[in-house]
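Here the structure comes first, spelled out in structure tokens, and everything after it is commentary.
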Amino acid sequence: MLHPPDITQVEHGQSTSLLASIQDAARAARRSMVANPVRTALTLLGIIIGVAAVIVMLSVAEGAKRMITKEMGVFGTNLMFLDGESPSPQAPEGVISASDLRAIARLPEVDFVEPTVGEDLVLRYGNAYHAGYVRGNSADYPAVYHWPTASGRFFSHDEYHRAAAVAVIGHKVREVLFPAQDPLGEFMLIGQTPFQVVGVLKEKDNEANFDRNSQVVVPYTTAVTRLYGPTDPDYVSIVAAEQYPLAHTEREINAILLKLHGGVADFELDNYAASLDSQQKILGQLSMMLGAIAAISLLVGGIGVMNVMLMSVRERTREIGIRMATGARQRDIMRQFLTESVLVSLVGGVVGILLAFALLLLAVLISDDVPVAIVPAVVAGAFSCALVTGIVFGFTPARRAAQLDPVAALASE
Amino acid sequence: MSADSTASPVIELCGIEKCYGGEANGTKVQPKVRVLNQVSLSIRAGEFVAIIGASGSGKSTLMNILGCLDRPSAGEYRFAGHDVAGFDNDQLAWLRRNAFGFIFQSYHLIPSESAAENVEVPALYAGLADDARHARSEALLGRLGLGERLDYLPKQLSGGQQQRVSIARALMNGGYIILADEPTGALDTASGAQVMGLLRELAANGHTIILITHDPKVADQAERVIEISDGRIVRD
């Protein structure tokens, strides 16, 4: 009727069902969390702030990074800008002359030399007006700026040399001046001068403070003769050949210009890609630093978890003794307290993620300029950080609980 | 009597000693205290044994050693012929879980858990499936007259009821050997009598009962009385 336990089974032991023991531990954890609401809230707060900080900081950094990457995609990565510059505060700005440009164009490291002259002018067609940046460029414009036409064509080298009165208009210009009709072949007024529209540029993403789609491109020759009068280029875009390192090309151009300008550095060569690249690098470092700060707050949260778990072990010493007397193995006790600390951390993690989303949403609603990119990996990472925090900082208290002497634990309180 | 007196002893103690202190503890050397001195006894399956002694006589220490909560400093403890000294902590836990059921003077129920949950704790560690566990705890509590109070917390139960919950817990995994440490110590006469009745009933059903008490009247209800004084067995 009453069978003695089979002592031969003692070597094999029995395993507590993992699910049942986790359920039991989770139940105990939930009860102790509910029983001490203030303590639970304070513990959670550390984890919540840590997780939310990680997500918010990395999301904003990632958003900024993506904005720069997008910017690089707009113009390509081998574009440089050349401009006159004062060599010293009193000296006049240097002038980039036509012979400078010809010399640079002869360099094998250079694909295109593209001077630009431009101003904001009033554009008119019929009764419609629009203010736009009217720039004189060469027929190489589409190749230099990676900017093809959406309809019609770009002006030809022939039209460039003839200084023909033809214009390629931006997407926005087309929308405003020719809302309901095909602009190709129509004559519009730029300032007081009539130009024939031969093409429409593809729409491009705008820069923060400049509407790229409100431009009109005309032949440089025409701009100089009919719009602005003889003038030096505002700036020169240089497209470096892909097969040479960009830094090498930059050195070559600098060297040849220095020679032509009699050793006076009255010009500035801006490597657009390099500046974006360095911005990118700075941002990368910044986001790493922000991440580190956020990680520290997570660490502080973890210490809070450890503190509470140590307290919990102390408060429940007798319960641990009871569980041991009723046959709990050390690993059962360990599992119980680890489950509890992980549970606390997970709840904190989930709330932290929600808080981060709320903060990011708020930031986006308040200002359009805040770049935000929520990367699932960051959310998952922050969440698993919380999980790992729970395990790491729950480990010591759990081990302490598991190593209690059953007799002493039962006698406590 | 269901006790099979011809069976080989389930528990054999031989020259058990338990000492505390005697080791350097910081700068102080705690005086060495010998709580158990050359205790030898054997208990056969199905026996109802009372261990009686005044407080400080070492009977609680003896119970802790018998129940594998504590290890002796010297001597041999054989459980069903196996030397327990060679068991690791997990194996001792196995014995506590599958061979023993504890009943304590102060019940030792987990305060945050309901009566049924408290009863189920040992089965949880034995890996019993949920349904079987719930069914068994319900049946045990029902048998002990607590079928209506499964979801009560310990503090919502009277002392006698709490002690019955702890008896149900001791029986959860079979309760082959019931170790009862002053089970009636905190109870009024009526509840105490009820608990003793339950123990007698369990003994009649073949459970081995080891009852620890200071009260000769309680001890007299057992078949065999072992008296312990100053860490030695003075009467068996």
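Where a number appears in this text, it was derived from the coordinates with a stated rule and is not lab data. Computed from a prediction, not measured in an experiment: that's the story for all the values here. Don't worry about glycine lacking a Cβ; one is built from the backbone with ideal geometry, like all the others, and counts go over all protein chains shown.
Remarks
- Farthest toward positive dipole pole in the protein assembly as shown [+1 Lys/Arg, -1 Asp/Glu at C-beta], among A:Q243, A:I296, B:G46: B:G46
- For segment A:89-102, 3J(HN,Hα) per residue [Karplus equation, 6.51 cos²θ - 1.76 cosθ + 1.60, θ = phi - 60°, Hz, x = Gly/Pro]: x, 8, 6, x, 5, x, 10, 8, 8, 4, 6, 4, 4, 5
- Using a cutoff of 8 angstrom between alpha carbon atoms and counting only pairs six or more residues apart, the relative contact order for chain B works out to 29 percent.
- Amide H contacts under 5 Å for B:V225, placed H, 5+ residues apart: B:A50
- Antiparallel beta bridges, as assigned by DSSP with both residues in the protein assembly as shown, represent about 65 percent of the total such bridges.
- Placing +1 on the Cβ of every Lys and Arg and -1 on the Cβ of every Asp and Glu, with no other charges, gives the protein assembly as shown a dipole of roughly 2220 debye about its Cα centre.
- Most mobile listed residue (A:N254, A:N137, A:N36) in chain A, GNM with C-alpha springs under 10 Å: A:N36
- Most mobile listed residue (B:L157, B:L199, B:L211) in chain B, GNM with C-alpha springs under 10 Å: B:L157
- Positive-end residue, the protein assembly as shown charge dipole about Cα centroid, Cβ charges, pick of A:I320, A:V351, A:A98: A:I320
- Relative contact order (%) - criterion: Cα under 8 Å, at least six apart; region: chain A: 29 percent
- If you take the Cα centroid of segment B:190-233 and the Cα centroid of segment A:111-126, the two points sit 107 Å apart.
- Whole-Å distance, taken between Cα centres, linking segment A:293-340 and segment A:179-193: 76 Å
- Shape call, chain B: gyration tensor on alpha carbons, a/c limit 1.5: prolate
- Cβ-placed point charges (K, R +1; D, E -1), dipole of segment A:95-265 about Cα centre in debye, nearest 20: 300 debye
- Relative contact order computed over segment A:95-265 (Cα-Cα under 8 Å; 6+ residues apart), in percent: 32 percent
- With Cα atoms defining each centre, segment A:215-268 and segment A:43-64 are spaced 45 Å apart in the structure.
- Comparing B:T208, B:T184, B:T61 in a Gaussian network model of chain B (Cα springs below 10 Å), the most mobile by mean-square fluctuation is B:T61.
- Shielding by partners - mean other protein chain Cβ count within 10 Å, residues of A:316-322: 4
- On Cα atoms only, tilt of A:330-366 relative to the major axis of chain A in degrees: 30 degrees
- Whole-Hz ³J(HN,Hα) from phi, Karplus 6.51 cos²θ - 1.76 cosθ + 1.60, for segment A:83-88, glycine and proline x: 8, x, 8, 6, x, 9
- Listed residue (A:F154, B:L109, A:A20) projecting farthest to the positive dipole end of the protein assembly as shown, Cβ model: B:L109
- Taking other residues whose beta carbon is less than 12 angstrom from the beta carbon of B:P216, and scoring Lys, Arg as +1 and Asp, Glu as -1, yields -1.
- Derived scalar couplings between HN and Hα for segment B:42-56 equal 9, 10, 8, 4, x, 6, 10, 10, 10, 10, 10, x, 6, 5, x Hz in order, rounded to whole Hz, by the Karplus curve 6.51 cos²θ - 1.76 cosθ + 1.60 (θ = phi - 60°), x for Gly and Pro.
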